[in-house]
1. Quick check on packing: order 84-92, 100-108, 27-35 by the mean number of other C-beta atoms within 10 Å, highest mean leading.
2. Answer with one residue from Thr73, Ser151, Gly14: the one whose Cα lies farthest towards the positive end of the charge dipole of region 1-154, charges on Cβ with Lys, Arg +1 and Asp, Glu -1.
3. Lys and Arg at +1, Asp and Glu at -1: add these up for the other residues within a Cβ distance under 11 Å of Leu11 and post the number.
4. What's the magnitude of the charge dipole for region 37-105 around its Cα centre, counting Lys and Arg as +1 and Asp and Glu as -1 at the beta-carbon? Answer in Debye, nearest 20.
5. If each DSSP helix of 4+ residues adds -39,500 (n - 2.57) and the sum is divided by the residues in the chain, what number results at 222 nm, nearest 500 deg cm²/dmol?
6. If you build the Cα gyration tensor of region 23-149 and take the root of 5 times each eigenvalue, what three semi-axes come out, in whole angstrom, biggest first?
7. Sorted by mean Cβ packing within 10 Å, highest first, what order do the peptides 64-76, 13-25 take?
8. What does the charge count around Gly78 come to, taking other residues whose C-beta lies under 14 Å from its C-beta (Lys +1, Arg +1, Asp -1, Glu -1)?
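Computed from the coordinates by the stated procedures, all read-outs in this text should not be read as laboratory data. Worth saying up front: this structure is predicted, and the values here are computed from it rather than measured. Positions of Cβ are generated from backbone atoms using ideal geometry, with glycine treated the same way; all protein chains shown enter the neighbour counts.
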Amino acid sequence: MAPSARRLVVLIDGRSGTGKTTLGNALAARLGAQIVHLDDVYPGWDGLRAAAEAVVTDVLGTPSGYRRWDWTTSEPDGWTAVDPRLPIVVEGCGALSRASAPLASFRVWLEADDATRWERSIRRDGEVFAREWERWAAQEATFIATEQPVSLADVVVRT
C-alpha cells in the first residue's frame, strides 16, 4: 500500500523509555487518529521483529488491523481491526523500518540517554521489565543496526 492522500500515517519509533507512547497518545488525540501501540502487537519478549513486519503486512496492510498479544497468558488474543480510511499513529520500537517508511506520511525517531530510559521504563513496567531489559535491548540494538530507523525519520527528537 503506497502513501495515500486518503489517510495520514505517522510512525513513532525509538528505544524503550524514550516517550513513544506519551507522544503517540498526544498526537493521536490531537489528530483525531487511531493509535496502535506495538506493545499490544509484540508476540512476547522475543517479538520485536515480528511486530515490525506486522506493521507493514497487517496494521498498514489489507485488511488493516493486528493480532493482539495477551501478556498474561503468553498467547495471541484475537484480531483488532483498524479503519484504513482514518488517520493512524503507530508507536513502538519496530514501527519505523525500511519496509514501513514508504507507507508513512510522517516518521519520528525519539532518543533519550540510557539512565533516563531505564528509569522511565522501570517506573512504567516495574520488575517484570527489569528482568527482561537486556533481552529486549538486544533486539532493539539488532533492529536499529539492521533497519537504521534514525536515517528514515523526518524528525529526531531528544526527550
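1. Answer by packing, highest mean first, reads 84-92, 100-108, 27-35.
2. Final value for the positive-end residue is Ser151.
3. Numbers: positive: Lys20, Arg107; negative: Asp13, Glu91, Asp154.
Spelling it out: positives minus negatives among the neighbours equals -1.
4. In total the dipole reaches around 300 debye.
5. Only helices count here, giving -11500 deg cm²/dmol.
6. Numbers: eigenvalues 105, 60, 46 Å².
Taking √(5λ) for each Cα gyration eigenvalue gives 23, 17, 15 Å.
7. So the peptides 64-76, 13-25, ranked by packing, come out 13-25, 64-76.
8. -3
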